[in-house]
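Here's the structure we're looking at; comments come further down.
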Amino acid sequence: MKRAVVTELDNVITYQVYRASRLLRFFLQKRLKINKAHLSPEQFFILLRLYMKDGQTQRDLADPILNDHPNITRMLDKLEKIGYVQRKNDAKDRRSFIITLSARGRAICESSLQPIQEERKKILKGITKEEIKLAQNIIKTVEANLMK
C-alpha cells in the first residue's frame with residue numbers, strides 16, 4: 001500500500017487560503033468601522049451589496065453556492081433590528097421581501113468606503129494588477145472544482 005506524503009501544513013495551498021481568509025476576517029473586524037457598528041464582516045458585506053444595488057430580495061442577497069438562506073434571514077433580522085436595513089413586501093411576490101438600506105445603513109457604507117480602499121492598498125502592497133487577476137482566476141477555478 002502506498003503511503004501518503006505529508007507536506008508541511010504551512011506549505012499546503014488549501015491551508016494557506018483558509019488561513020488568509022481567517023486573517024482577512026480578523027483584519028476587517030479590527031481595522032474597519034464595522035467593529036464600531038457592531039457588525040460581522042458578513043453583515044457588512046450585505047450592507048455593501050445593498051449600497052451597490054439597493055432593493056434586492058433575500059434570495060438575491062444569499063450566496064447560491066453556499067446555500068446560506070437561513071443565515072441571510074438571521075443577519076437581516078439583526079440588521080433590521082438595529083436600523084441598518086428595511087424590509088418591504090414585494091409587490092410581485094407576496095412570499096418575498098425587498099431589502100433596502102436605511103439612511104443609517106447608507107451612512108455606515110459611505111463612511112467606510114475610503115478606509116476600505118486605503119486598507120485594500122495596504123493588503124495588496126507589492127502585488128501587481130496581473131498577479132491579482134491571476135489570483136482571482138485561480139480562486140474561481142478552486143471554487144468551480146469544489147462545486148463539482
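Here, each number is a calculation from the coordinates, and none is a lab measurement. From a predicted model like this one, the values you see are computed outputs, not experimental measurements. Please note: Cβ atoms are built from the backbone with ideal geometry, for glycine as well, and neighbour counts cover all protein chains shown.
For Lys88 and His38, the difference between the fully extended length at 0.36 nm per residue and the C-alpha to C-alpha distance is 15.6 nm.
Charged neighbours of Lys81, selected by a Cβ distance under 14 Å, balance to +2 (K, R count +1; D, E count -1). Round to the nearest 10 and give me the degree value, 0 to 90, for the angle of helix 69-81's Cα axis relative to the longest principal axis of the chain. It works out to around 50 degrees.
Rank these for me by crowding, Lys78, Lys36, Lys148, going from fewest to most other beta carbons within 10 Å.
Numbers: Lys78 14, Lys36 10, Lys148 4.
So the ranking, lowest neighbour count to highest, is Lys148, Lys36, Lys78.
Extension gain for Leu146-Met52 works out to 31.0 nm (0.36 nm per residue, less the C-alpha to C-alpha distance).
About the Cα centre, and with charges only on the beta carbon of Lys, Arg (+1) and Asp, Glu (-1), how big is the dipole of the chain? Nearest 20 debye, please. Mind dumping the intermediate values first?
Working: 30 positive and 17 negative charges, 37 e Å.
Rounded to the nearest 20 debye, it is 180 debye.
Taking Cα atoms, how many degrees apart are the long axis of helix 41-52 and the longest axis of the chain, rounded to 10 and kept between 0 and 90? Helix 41-52 sits at roughly 60 degrees to that axis. Over all pairs of different C-alpha atoms in the chain, the reciprocal of the mean inverse distance, the Kirkwood hydrodynamic radius, equals 17.8 Å. Here's the picture: charge each Lys and Arg Cβ at +1 and each Asp and Glu Cβ at -1 in the chain, and of Tyr84, Ala62, Leu24 the one pushed furthest to the positive end of that dipole is Tyr84.
Per residue of the chain, the DSSP helices (runs of n ≥ 4 H) give a summed -39500 (n - 2.57) that works out to -19500 deg cm²/dmol at 222 nm. Spin-label pair Val17-Lys121: with each label point 7 Å from Cα along the Cα-Cβ axis, the two points sit 3.0 nm from one another.
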